[in-house]
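Asks: Handing you this structure, nothing more for now.
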Amino acid sequence: MAVVLLDILSHLLSLLSILSFPHFAMAAPVDPRQSQPPNNTVGDGAKAGVPASATQQSTSGLPVYVRDYAPLLWLSNSERYMPSDIASQVANTIPKINGAPVAQAPSPLTLNNLDQLNAQGGKDIWLTSREGISASPKWFNGVTPDGNRKTNGATTAAIVTVDKGNGTLDAFYFYFFAYNRGNNVLGQEFGDHVGDWEHNMIRFQNGIPQAVYFSQHASSESFTYKAVEKNGIRPVAYLAEGSHAVYATTGTHDHAIPGLNLPGGLVEDHCDRGKLWDPVLSTYSYRYDRASKQFSPYDPGFPVNWLYFLGRWGDAAPPKGSQGQFEIFGQKRYVGGPTGPIDKRLDRENMSGVKNDNWVRPFLTP
């Protein structure tokens with residue numbers, strides 16, 4: 001029965017995939033900044049719907065529309081692991097390879113020299129917490145956004161723009177967390193790891209938003225800009241409690257089947273309107289050139305070299321028998337940390353960056 005159901009779902013998704021992004025991009029662009037906010041706008045006190053560029057000076061050279069339409073994020077009421085300072089992650093970790101400290105690592109290790117680790121092992125290097133993952137040090141908790149929705153004293157996000165020519169620009173909004181708490185399945189917690197990169201991407205045509213991408217574990221969802229919930233003109237996203245997976249709607253999301261979110265199931269993420277966070281108030285911003293594969297900062301004061309680091313932003317999975325570690329049917333409580341923005345398909349043709357995954361939803365779904 002389960003096989004039949006999955007087969008039906010597969011055919012349904014294939015049918016819906018005809019609603020791919022290019023069909024929505026054909027309409028003549030209309031700038032929402034020139035009209036009233038859409039009906040699916042949600043408020044946030046006196047600042048509801050105010051573009052970022054109207055409340056904070058734009059970063060030098062960064063297109064104003066990239067800030068105007070930057071997503072606003074709801075953190076869960078139960079969230080323990082808040083957004084984290086990117087540089088502090090480097091300061092609180094030791095680069096290791098095969099379980100041993102990297103002998104020729106720069107000292108001190110900073111965002112300005114992190115890329116030098118590529119010559120010492122690159123993809124095999126792990127930024128390993130000094131205390132160990134099971135110690136759960138205080139810095140795992142990150143920084144709670146204040147009443148102005150800002151992570152004071154912490155740069156917790158990065159914007160990367162990719163100009164694709166012919167008026168098309170992809171703007172990636174990366175969010176960083178020092179720790180990811182995994183899902184609870186049948187009373188056991190699986191998938192915890194140090195370091196967590198999540199992101200939205202908005203595709204613009206001549207400065208007008210066309211569609212919004214939401215990263216979710218090893219999968220994703222994309223929606224037309226018109227379809228997504230907004231605060232004024234800014235898309236609204238919900239970060240799942242613990243895992244920080246990015247969803248377009250609040251509530252419960254089952255992700256046992258990649259690419260299919262149901263309102264309940266075996267492997268659930270939970271989202272709600274707890275704390276509102278505005279990542280652009282504490283962000284670095286960069287251009288990424290597709291031809292040269294080089295990053296350049298919009299502000300000369302922003303560190304750049306860290307973006308080239310090929311390794312992992314957290315500990316390797318501790319071996320079985322280590323403190324707090326367990327494994328059931330191949331699933332571990334503690335898993336390895338993630339790669340950084342450079343590994344997130346920055347030069348993508350369709351919204352997802354995955355071949356034949358062209359579905360851009362014209363309506364909100366879980």
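The values are calculated or read from the model by the stated rules, or taken from the named source; none is laboratory data. Values in this document were obtained by computation on a predicted structure and should not be read as measured data. For neighbour counting, all protein chains shown are included, and Cβ atoms are generated from backbone atoms with ideal geometry for every residue, glycine included. For accessibility, only protein heavy atoms count, side chains too; no ligands or nucleic acids. Shrake-Rupley method; radii C 1.70, N 1.55, O 1.52, S 1.80 Å.
Asks: At a Förster radius of 22 Å, what calculated FRET efficiency corresponds to the Cβ-Cβ distance of Thr250 and Phe363, to the nearest 0.05? Before the final figure, lay out the partial values.
Replies: Numbers: r = 16 Å, r/R0 = 0.73.
E between Thr250 and Phe363, to the nearest 0.05, is 0.85.
Asks: Report the extension gain between Lys355 and Thr144 in nm, rounded to one decimal, defined as 0.36 nm multiplied by the number of residues separating them, less their alpha carbon distance. Present the calculation step by step, with values, prior to reporting the outcome.
Replies: On the way: separation 211, 0.36 × 211 = 75.96 nm, distance 3.73 nm.
Stretched fully, the Lys355-Thr144 segment lengthens by 72.2 nm.
Asks: A further question on this structure: Determine the sum of side-chain charges near Lys96: Lys and Arg each +1, Asp and Glu each -1, restricted to other residues whose C-beta is under 12 angstrom from that of Lys96. Mind dumping the intermediate values first?
Replies: On the way: positive: Arg130, Arg312; negative: Asp124, Asp315.
Around Lys96, the surrounding residues sum to 0.
Asks: Where the centroid of each part is defined by its Cα atoms, how far is region 265-316 from region 136-152 in Å?
Replies: After rounding, the separation between the Cα centres reads 16 Å.
Asks: Could you please report the charge total around Gln216, scoring K, R as +1 and D, E as -1 over all other residues with beta-carbon less than 10 angstrom from its beta-carbon?
Replies: -3
Asks: Hey, can you rank 292-305, 149-162 by average C-beta count inside 10 Å, highest first? Write down the numbers at each step before the final one.
Replies: Details: 292-305: 13.9, 149-162: 20.1.
Descending packing order for the listed peptides: 149-162, 292-305.
Asks: Quick one: of Lys150/Lys230; Lys123/Lys275; Lys123/Lys344; Lys150/Lys293; Lys230/Lys344, which pairs are farther than 23 Å apart, Cα to Cα? Mind dumping the intermediate values first?
Replies: Details: Lys150/Lys230 19 Å; Lys123/Lys275 35 Å; Lys123/Lys344 14 Å; Lys150/Lys293 31 Å; Lys230/Lys344 25 Å.
Beyond 23 Å: Lys123/Lys275; Lys150/Lys293; Lys230/Lys344.
Asks: Moving on. Figure the gain on full extension for Arg345 and Val30 (residue separation times 0.36 nm, minus the Cα-Cα span) and round it to one decimal in nm.
Replies: Values: separation 315, 0.36 × 315 = 113.40 nm, distance 2.80 nm.
Result for the pair: 110.6 nm of gain on full extension.
Asks: Given a Förster distance of 22 Å, report the FRET efficiency between Asp299 and Asp163 from their Cβ-Cβ distance, rounded to the nearest 0.05.
Replies: Working: r = 18 Å, r/R0 = 0.81.
So the FRET efficiency works out to roughly 0.80.
Asks: Something else now. Output needed: percent of Cα pairs per 5 Å distance bin for region 190-327, bins running from 0 to the one holding the longest distance.
Replies: The calculated distribution, bin by bin, is 2, 8, 13, 17, 18, 17, 13, 7, 4, 1, 0, 0.
Asks: Between rounded, prolate and oblate, where does region 158-217 land on the alpha carbon gyration tensor, with a ≥ b ≥ c its root eigenvalues, rounded for a/c under 1.5, else prolate if a/b exceeds b/c? Walk me through the numbers before you get to the answer.
Replies: Details: a/c = 5.20, a/b = 2.74, b/c = 1.90.
Prolate.
Asks: List residues of region 168-211, by number, whose backbone nitrogen lies under 16 Å from a label position 7 Å along Cα→C-beta of Asn118.
Replies: Output list for this probe position: empty.
Asks: Let me check I've understood the local charge: for Val162, count other residues with C-beta under 15 angstrom from its C-beta, Lys and Arg +1, Asp and Glu -1. What total comes out? It would help to have the intermediate numbers written out before the result.
Replies: Numbers: positive: Lys164, Arg203, Arg287, Arg290, Lys293, Lys344, Arg345, Arg348; negative: Asp163, Asp170, Asp289, Asp343, Asp347, Glu349.
Summing Lys/Arg as +1 and Asp/Glu as -1 gives +2.
Asks: Here is a follow-up. Could you do me a favour and compute the accessible area per residue for region 150-254, 1.4 Å probe, result in Å²? Mind showing how you got there, number by number?
Replies: On the way: 2390 Å² over 105 residues.
Ligands and nucleic acids excluded, the result is 23 Å² per residue.
Asks: Quick check: from the Cα gyration tensor, does region 69-171 come out rounded (a/c under 1.5), prolate or oblate? Show your work: numbers first, answer last.
Replies: Numbers: a/c = 2.47, a/b = 1.22, b/c = 2.01.
It is oblate, given that a/c is not under 1.5 and a/b is not larger than b/c.
Asks: Cross-link partners among aspartates and glutamates for Lys332, C-alpha distance below 14 Å, same-chain residues fewer than 8 apart left out?
Replies: Qualifying aspartates and glutamates at Cα under 14 Å: Glu189, Asp192, Asp315.
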